[in-house]
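These notes concern the structure reproduced below.
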Amino acid sequence: MLIKRISMTFLLGTCLWAPAPNAFARQGEESGGLDLETCELLVPGTPLSTVGECGWMDAAENPDDPEGRHIRVRVARIPAKGRVAEPDPLVFFAGGPGQAATEAWPIVAGALRKVNESRDILLVDQRGTGQSNPLKCPEIELDEALAQDWDTLADTTRDCLASLDADPRYYTTTIAMHDIDAAREALGYETVNLYGGSYGTRAAQVYLRLFPDRVRTAVLDGVVPQTLALGTEHAVKLDQSIHKVLEGCDNDPLCAGKFPDTAGKLSELIRTTDENPVQVTVAHPTTGEPLEFTFNRDVLSTSLRFLSYSADTQAMLPLLIHEAAEEQRFDRLASQMLIATTGLQQSISQGMELSVMCAEDYPLFPQNPQSGDTLMGDMMEKAVGIQCGIWPRGPVPENFHKPVTADIPVLLLSGELDPVTPPEYGDQVAAHFPNSRHLTAPGQGHIATTRGCMGKIVSEFIIEGSADDLETECMTDLQATPYFISLTGPTP
């Protein structure tokens, strides 16, 4: 099924600008040979966009063979909006792995607009994503994808590999960070500030390890420890988040009265969908045509997983679980799964995701994983095992999974109810940065910067270059989204 194929993934006018003393020319030979032209940066499948300047950079696919095949890397810049720009831009690292920086930036641009007043934003589509020789698997029609099973996952993985005009071994995080630094150098920046979200926090830490003298500050939102093999803890951390949400319902008189014992109902739902899958018919998320498929435990876990990423959709969990368990209505959960997976097909370069995970993470997966009593069971391990048994693996430095450490100011952010990078991950990483501060956003899910006043705090940190005197009192206003008591939303 499609959910098996994507189960590893995890998702603005005329400017007055005067160059700072150490700034650079904007185009052509004076900007290191990168010709930059006005462009629109779009988030796939959404109306979100922003205007920037885009160009191309040449890079050897295999860094050890500079005379061999070359690829084009997409580079974009959002010029500072103010009259004077600071010389150190903000470099944005997208998540996934598999998202493109130019396609993800508009999502956080509003929250960090204060940063863009005084600093350029540097966006480089990591090789294999966006427009940087994307490693995108051929899209499969939804009805065909939903009819697939574990036995055909190997076939679709081989088909993806055969369709690529690339050697996937050279699309790992470490190699890609050299592209980022080449773009920095080509545009004349001496030092930069780093912002990474989710997998982007891994990329930012790798960049920091490779080029410590180039970094002024770093923001890590949804923190991935270098010691972690991505995917090995997804099932456990998802359960941890969901049960915190359901426990919150139990402690809320209105929610508990309407949806009693939701955790118990979820356990029963897992058992029944595992033993007795049902047929559902829902509207196709893009055509609106009826689509019939089997709702089983895999569909249930995928639906709940993607609903768990945001506080706004977490608030729907008790209602949707109750509806499925008590009324045997699975259509709304199924629709959520289809919407999420369709969006991921548009925004994630699955081949790049495999190049990263199979080289960097799969070697650390347990040889004989235990399915455990979790919602996802062993779905992640099975998917990774099948796909990485086929996918070519590139070289990874011996110290790749050792913690990164540095004395620069580092701000770490976590969502209290994050189902994939929970607060304890932020604590683990913060221990290796002596000049760091870790903030946990109450009641929030994955990626905190866009929630409430968190963007203001991040902007203050980058502008001031210090976490010592941040004004964080506004975080007391953050809270979980009130539970949906009906489909019309929370009770006022």
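Observations on the structure shown:
- Across region 213-346, C-alpha contacts under 8 Å between residues 6 or more apart give a mean separation that, scaled by the residue count, equals a relative contact order of 24 percent.
- Computed over region 213-325, Cα set: Rg, Dmax in Å: 17.8, 58
- Ordering A431, P409, G455 by Cα displacement along the dipole of region 376-467 toward the positive end leaves G455 in first place; charges were set at the Cβ atoms of Lys, Arg (+1) and Asp, Glu (-1).
- The chain, accessible area per residue, ligands and nucleic acids excluded (1.4 Å, Å²): 40 Å²
- With a Cα cut-off of under 20 Å and a minimum spacing of 8 residues unless on different chains, the lysine pairs in the chain number 10.
- For region 379-491, the ratio of Cα radius of gyration to the globular rule of thumb 2.2 N^0.38 Å stands at 1.40.
- Normalised by the number of residues in region 375-492, the mean separation of alpha-carbon contacts (under 8 Å, six or more apart) gives a relative contact order of 21 percent.
- When the P(r) is computed for region 90-228, the part past 20 Å accounts for 52% of the Cα-Cα pairs.
- Within the accessible area of region 101-215 (1.4 Å probe), percent carbon and sulfur: 44 percent
- Each helix, a run of at least 4 DSSP H residues, gives -39500 (n - 2.57); summed and divided by the residues of the chain, these come to -11000 deg cm²/dmol at 222 nm.
- Per-selection Rg to Rh, region 292-378 - Cα, Kirkwood hydrodynamic radius: 1.03
- Each part gets one Cα centre, and for region 159-204 versus region 470-487 those centres are 35 Å apart.
- Direction-averaged projected area, Cα convex hull, region 287-337: 3.9 nm², rounded to one decimal.
- When each of the peptides 385-397, 278-290, 168-180, 192-204 is scored by the mean number of other C-beta atoms lying within 10 Å of its residues, the order from highest to lowest reads 192-204, 168-180, 385-397, 278-290.
The values are calculated or read from the model by the stated rules, or taken from the named source; none is laboratory data. On a predicted model such as this, the values are computed, not experimentally measured, just so you know. As a convention, Cβ positions derive from the backbone with ideal geometry for all residues, glycine included, and neighbour counts pool all protein chains shown. Side chains included, ligands, DNA and RNA excluded: accessible areas come from the protein's heavy atoms. Shrake-Rupley method; radii C 1.70, N 1.55, O 1.52, S 1.80 Å.
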